[in-house]
1. Can you tell me which residues in segment 91-100 are touching a residue at least 24 places away in the same chain (Cβ under 8 Å) and either under 15 Å from W27 (Cβ atoms) or aliphatic (A, V, I, L, M) (or both)?
2. Report, by residue number, each residue of segment 153-203 that is among the aliphatic types (A, V, I, L, M), in contact with a strand residue (DSSP E or B) (Cβ under 6 Å, 6 or more places away or on another chain) and free of Cβ contacts under 8 Å to residues at least 60 places away in the same chain.
3. Among the strands (runs of 3 or more DSSP E) contained in segment 1-67, which hold 1 or more residues that are touching a strand residue (DSSP E or B) at 6+ places or on another chain (Cβ under 7 Å) and without any contact (Cβ under 8 Å) to a residue 40 or more places away in the chain?
4. Going through segment 72-82 one residue at a time, which ones are under 14 Å from V94 (Cβ atoms) and either hydroxyl-bearing (S, T, Y) or not in a helix (DSSP H, G or I) (or both)?
5. Taking segment 152-198 as the search range and keeping residues that are outside any strand (DSSP E or B) and of a type in the set (V, I, T), which one is farthest from T3 (Cα to Cα)?
6. Is it the case, given these coordinates, that R178 is surrounded by fewer than 14 Cβ atoms within 10 Å (Cβ to Cβ) and basic (K, R)?
7. Which ones in segment 12-55 are of a type in the set (A, V, I, L, M, F, W, C), surrounded by fewer than 21 Cβ atoms within 10 Å (Cβ to Cβ) and within 13 Å of M81 (Cβ to Cβ)?
8. Identify, please: which residue in segment 69-95 is small (G, A, S) and more than 17 Å from A106 (Cα to Cα) and is, among those, nearest to the chain's Cα centre (by Cα)?
Amino acid sequence: MKTLSGIDVSRETIDRLCKFEDIVLKWNPKINLIAKSTINDVWDRHIKDSAQLFQYAPVNVSRWLDIGSGGGFPGIVMAAMSVGLGHQTEFTFVESDQRKSTFLRAAARELDLKITVLAERVEETEAQNADVITARALKSVSELMPMLDRHLAADGIAILPKGRTFADEIPAARNNWRFDMTEHASITDADARILIVKDIASD
């Protein structure tokens, strides 16, 4: 076993994620999956940053929804880690950009991951009743709330990595929504937090 972001993973999982890194770098010049400033540091800035989210998910997850999946962070990383542990989680990605949806499907095939990619807007997607929702670098907490409310199962949780402005986003979200939230430090950015949100209801 190897350790990735404090989580024990198999050598096979590491190999799969290394292959994913290569795929991202191959596709990035065509469709700009990640910022140019992070091209030389994909493993730490994107893979390790995504991998740390896995520890906050329940052990037995039936349906995992990743919204605004973009370049596959954290969705592809979550799926690879789940498969590596022998889990039978059903992963669905929602990405409205057709080119990025094409990339996600191609990456899933190359990595032998069974993922459903919906090339549509998350606001218009059929309610997914997901046990876990992830969203990375997509929208503010307040803007995410209607999406989470629509797609989370009654006892589901959202795992939201947020940057240094996270503290300003919470009061705005609480103006219109009630929810339980815990925050955890990020291992890749001292100013960032990982928010675990559940029991969402509109005021």
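Values quoted throughout were computed directly from the atomic coordinates according to the rules given, and no laboratory measurement underlies them. All of these numbers come straight from a predicted model, not from anything done at the bench. All Cβ positions, glycine included, derive from the backbone under ideal geometry; neighbour counts span all protein chains shown.
1. Here is the first cut: in segment 91-100, the residues touching a residue at least 24 places away in the same chain (Cβ under 8 Å) are 91-97, 99-100.
Answer for segment 91-100, where residues must be touching a residue at least 24 places away in the same chain (Cβ under 8 Å) and either under 15 Å from W27 (Cβ atoms) or aliphatic (A, V, I, L, M) (or both): V94, E95, D97, R99, K100.
2. Step one: list which residues in segment 153-203 are among the aliphatic types (A, V, I, L, M), which gives 153-154, 157-160, 167, 170, 172-173, 181, 185, 187, 190, 192, 194-197, 200-201.
From what is left, the residues that are in contact with a strand residue (DSSP E or B) (Cβ under 6 Å, 6 or more places away or on another chain) are 153, 157-160, 181, 194-197, 200-201.
If the condition is that a residue be among the aliphatic types (A, V, I, L, M), in contact with a strand residue (DSSP E or B) (Cβ under 6 Å, 6 or more places away or on another chain) and free of Cβ contacts under 8 Å to residues at least 60 places away in the same chain, then A158, L160, M181, L195, V197, I200, A201 are the ones that fit.
3. Numbers: elements: 2-4, 7-9, 63-67.
Strands (runs of 3 or more DSSP E) meeting the threshold: 2-4.
4. Listed by number, the residues that qualify are G72, P74.
5. Applying the first criterion (outside any strand (DSSP E or B)) to segment 152-198 yields 163-176, 186-192.
Then keep just the ones that are of a type in the set (V, I, T); that gives 165, 170, 187-188.
Values: T165: 29, I170: 32, I187: 13, T188: 15 Å.
Here the residue is I170.
6. Numbers: surrounded by fewer than 14 Cβ atoms within 10 Å (Cβ to Cβ): yes; basic (K, R): yes.
Yes: the conditions hold for R178.
7. The one that is of a type in the set (A, V, I, L, M, F, W, C), surrounded by fewer than 21 Cβ atoms within 10 Å (Cβ to Cβ) and within 13 Å of M81 (Cβ to Cβ): I14.
8. Here is the first cut: in segment 69-95, the residues small (G, A, S) are 69-72, 75, 79-80, 82, 84, 86.
Checking the rest, the ones that are also more than 17 Å from A106 (Cα to Cα) come to 82, 84, 86.
Working: S82: 13, G84: 17, G86: 19 Å.
Across segment 69-95, the extreme among qualifying residues is S82.
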